[in-house]
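Student: Sharing a structure here in structure tokens format.
The values are calculated or read from the model by the stated rules, or taken from the named source; none is laboratory data. All figures in this text were calculated on a predicted structure; none of them were measured in a lab. Backbone-built Cβ (ideal geometry, glycine too); neighbour counts: all protein chains shown.
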Amino acid sequence: MVKSMTGYGRAKETLNGRDITVEVRSVNNRYLDCTVKMPRAYIFAEDAIKGCVQKAISRGKVDVFITIESNGAEEVVVTVNDALARNYYEALCHLKESFNLEGDVSATTLARFPDVLTVTKAEEDLESMAADLVAVTEAALTAYNAMRTVEGEKLAQDVASRVSTIEQVVGKVEERSPQTVAAYREKLLSRMQEVLQSTAVDESRILTEAAIFADKTAVDEETVRLRSHIAQLRAMLESNEPVGRKLDFLIQEVNRECNTIGSKCNDLSIAQDVVNMKAEVEKIREQVQNIE
């Protein structure tokens, strides 16, 4: 089904002691332009996130926002600087003996000195963390695509309706086009009779002029191509693949055929039909800009 290029999706999950929230939003763009905003400490997972987005989206300006919060005590590692603690201990014992001081040198006393104990954050499993971020991103993309699909169905319905209108007008042009030749022939015959009056009118000359006029104003080829384009448009609207670019190109071809019919026609009714078709084409072009 057709999908819109604009959409929003959000997912939040708790994985391995962390609350991970991912938001995905996009607007129209000719190509895929993905930006990931996340805490600098997790920047190692950016390529994995972008790869996930590229699988789900073919074009659009996509922004991915990721927030990560720890929901419990972080794992830490406490290390003891044995050499430094020993030096402190020996220094304290020396002071005690030298100045005949009372009291014991305890572990608590030593722990208060700088750098005796060092607290560091436990090393994370980067691969596992990246996998968690990708999992939540995929969930957000699922919600995002669901929204795009709903919007895409509305766009497809609108485009299909306008395509049907163009098809109806093409039928009117096909019906009216032969009548313009007959009207031209009658008009030409009437003028020649008026000018020549009593002189006999050369019927063969009338037929020749009418044939030349018919050849110049014939729009059969254009209407046949228009019907072919219309069939292709409908097929694309039913496709499961991204068709925005193809639709954009095809609607240009439809507009070209309308312009050709307009340049050939010498009839007020057909000219009005062409105006109506081009109005629908322009509305379709605007909608196509929103389709992935």
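Student: Examine region 143-151 for a residue that is closer than 30 Å to Cys258 by Cα and part of a helix (DSSP H, G or I), and state whether such a residue exists. Walk me through how you get there before you give the answer.
Tutor: Filtering region 143-151 for residues closer than 30 Å to Cys258 by Cα gives 151.
Filter again for part of a helix (DSSP H, G or I), leaving 151.
Looking for residues that are closer than 30 Å to Cys258 by Cα and part of a helix (DSSP H, G or I), one finds at least one in region 143-151, hence yes.
Student: Scan region 37-60 and report the pairs whose first residue is touching a residue at least 12 places away in the same chain (Cβ under 8 Å) and closer than 19 Å to Asn240 by Cβ and whose second residue is among the charged types (D, E, K, R) and not in a helix (DSSP H, G or I), with Cβ atoms within less than 7 Å and a gap of 6+ or a chain change.
Tutor: From region 37-60, the pairs are Ser58/Glu292; Arg59/Arg30; Arg59/Glu292; Gly60/Glu292.
Student: Among the listed residues Val77, Val27, which satisfies the condition of being surrounded by fewer than 16 Cβ atoms within 10 Å (Cβ to Cβ), closer than 30 Å to Leu110 by Cα, of a type in the set (A, V, I, L, M) and out of contact with any helix residue (DSSP H, G or I) (no Cβ under 8 Å at 6 or more places or on another chain)?
Tutor: Checking each option against the conditions leaves just Val77.
Student: When residues of region 75-116 are filtered for being part of a loop (DSSP other than H, G, I, E, B), among the hydrophobic types (A, V, I, L, M, F, W, C) and either free of Cβ contacts under 8 Å to residues at least 24 places away in the same chain or closer than 30 Å to Arg18 by Cβ (or both), how many remain?
Tutor: Of the residues in that region, 3 qualify.
Student: Would you say Ala130 is assigned by TED's automatic domain parsing to the domain that holds Ile57 and either in contact with a strand residue (DSSP E or B) (Cβ under 8 Å, 6 or more places away or on another chain) or aromatic (Phe, Trp, Tyr) (or both)?
Tutor: Taking the combined requirement at face value, the residue does not satisfy it.
Student: Tell me, which residue of region 268-292 that is more than 14 Å from Lys172 (Cβ to Cβ) and without any contact (Cβ under 8 Å) to a residue 40 or more places away in the chain is surrounded by the most Cβ atoms within 10 Å (Cβ to Cβ)?
Tutor: So the residue we want is Lys278.
Student: Hey, does region 113-120 have a residue that's within 38 Å of the chain's Cα centre (by Cα) and not charged (D, E, K, R)?
Tutor: Within region 113-120, none of the residues are within 38 Å of the chain's Cα centre (by Cα) and not charged (D, E, K, R).
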